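S.K.: One structure, as structure tokens, below. Some questions next.
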């Protein structure tokens, strides 16, 4: 796929001199920028209304609208576009006026090419810093799980080998694994070991995006494109330009959004909501899911062509019950991680506590282990962690062969009765969802957490329940 230079800008150039337009159209792409040239201010405004630009280079004196008038209009239409005024009629007054209206800088014609390059580099640096700021905010909101890949079992050694193999490439990667296994951690490792490590890493929980705002969140929107769109907004694909976009729980995306992601993977182009013209971004896409996408394809819920585009390379992250040999190292890592919260005091695990941890099946995987360790450090009060400090300690110590019976007992207990007659699996599932919803007095986020499904999936199940 053709890709814009990592530091490249989308530039709008407006000047009534044809030879300057030809020069810019030839030279700016050599620097890694995309350029659209216009002969006057009105054409520049029309171009900006069709799509976003990082920078606009405007001649002060053009037929019709002046550069100052176009600058004023640009700041209304697209405040994020940086404007540079070029003029052969430089005065202190016009320079001050342009800067007061929000111009990024001001050059006198004939300007030196080196001066223009410096200004464009400054704009690119500002754009990269803005994107990194948004990326950092997004990352801080989304951070969970351990920041380091821990474990030396054969399964984890294989995962490391796959990461080392595919990380330096730009291939799309599908990360498969149960909830809580650390799929985002694998994505971060892929990013950190790639040529994009200096760019943004943007994690997106697709299941948590409001269904009516998914397109806007991912691709951005134009002011006024829908109710509530009060300003122009960058999408996460734009924010990730030059870096990596991680689409977690990608199976939760509806098919209309799937089409747009497929279009990007095929062309490298995206289009904001409410705009007609697409534009390029340089983004590596990593995906993860705990769902069986092949089953979803068979049920016509996921596009097969998108699956193959996303699944250029596949990494399967094993559940914790299949790598119990890593539990002591993981527990030790978590204890060091929680130590600063206890004034730097690092707890230790007794051999009996480690044995109890290794006996448990960990249906919630590393996320469940992290919660168990954090709770135990609090109860231990800085002393050694013993089995009684672990949550639901008898369940954690239960032998693997006893898990099925306990689970069946819980399901078939007094709070949940299997429907009479010959119920289908769907009947049992729907009944259990009703029981969990009643238990949480209709609190859907709490119910979805207990059920181990996304809130969006729970709403779909409730809709099915109401229709049955």
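No lab work stands behind these numbers, since they all come straight from the coordinates. Since the structure is predicted, the reported quantities are computational estimates derived from the model, not experimental observations. In this analysis, Cβ positions are derived from the backbone assuming ideal geometry, glycine residues included, and neighbour counts consider all displayed protein chains.
S.K.: Between helix 425-439 and the chain, what is the angle of the helix's C-alpha long axis to the longest principal axis, kept within 0 to 90° and rounded to the nearest 10?
M.R.: Roughly 90 degrees, rounded to the nearest 10.
S.K.: Let me ask something else. Provide the three semi-axes, in whole Å and in decreasing order, of the ellipsoid equivalent to the stretch 143-316 as defined by the square roots of 5 times the Cα gyration tensor eigenvalues. Present the calculation step by step, with values, prior to reporting the outcome.
M.R.: Working: eigenvalues 154, 65, 43 Å².
Rounded to whole Å, the semi-axes are 28, 18, 15.
S.K.: Take 459, 106 and order them by how many other Cβ atoms sit within 10 Å, fewest up front. Intermediate results must be reported in sequence, preceding the final value.
M.R.: Values: 459 13, 106 21.
By the 10 Å Cβ count, ascending: 459, 106.
S.K.: Ratio of the stretch 220-341's C-alpha Rg to 2.2 N^0.38 Å, to two decimals? Let's see the in-between values first.
M.R.: Details: Rg = 19.0 Å, N = 122, 2.2 N^0.38 = 13.7 Å.
Normalised by 2.2 N^0.38 Å, the Cα Rg of the stretch 220-341 equals 1.39.
S.K.: Moving on to the next point. Sort 19, 440 by Cβ crowding within 10 Å, fewest neighbours at the top.
M.R.: Numbers: 19 8, 440 14.
In increasing order of surrounding Cβ atoms, one gets 19, 440.
S.K.: Also, quick follow-up: For the chain, what does -39500 (n - 2.57) per DSSP helix run (n ≥ 4), summed and divided by total residues, give at 222 nm, in deg cm²/dmol to the nearest 500? Could you put the intermediate results ahead of the total?
M.R.: Details: 20 runs with 216 residues, N = 468.
Calculated from helices alone, the mean residue ellipticity at 222 nm is -14000 deg cm²/dmol.
S.K.: For 277, 105, which order do you get if you count the other beta carbons within 10 Å of each Cβ and list the fewest first? Before the final figure, lay out each step's value.
M.R.: Working: 277 13, 105 19.
Listing 277, 105 from fewest to most nearby Cβ atoms yields 277, 105.
S.K.: With angles folded into 0 to 90 degrees, how steeply does helix 67-77 sit against the dominant principal axis of the chain? Use alpha carbons for both and round to 10.
M.R.: Between the helix axis and the principal axis of the chain, the angle is about 20 degrees.
S.K.: Just check the stretch 10-128 against the gyration tensor rule for me: Cα atoms, a ≥ b ≥ c as the square roots of the eigenvalues, rounded for a/c under 1.5, and otherwise prolate or oblate depending on whether a/b exceeds b/c. Write out the running numbers ahead of the final one.
M.R.: Details: a/c = 1.14, a/b = 1.11, b/c = 1.03.
Rounded, since a/c falls under 1.5.
S.K.: Does the stretch 72-113 come out rounded, prolate or oblate by the C-alpha gyration tensor, with a ≥ b ≥ c the root eigenvalues, rounded set by a/c under 1.5 and, if not, prolate when a/b is larger than b/c and oblate if not? Intermediate results must be reported in sequence, preceding the final value.
M.R.: Values: a/c = 2.74, a/b = 1.60, b/c = 1.71.
It is oblate, given that a/c is not under 1.5 and a/b is not larger than b/c.
S.K.: Which value results when the Cα radius of gyration for the chain is divided by 2.2 N^0.38 Å?
M.R.: In units of the globular-protein estimate, the chain measures up at 1.21.
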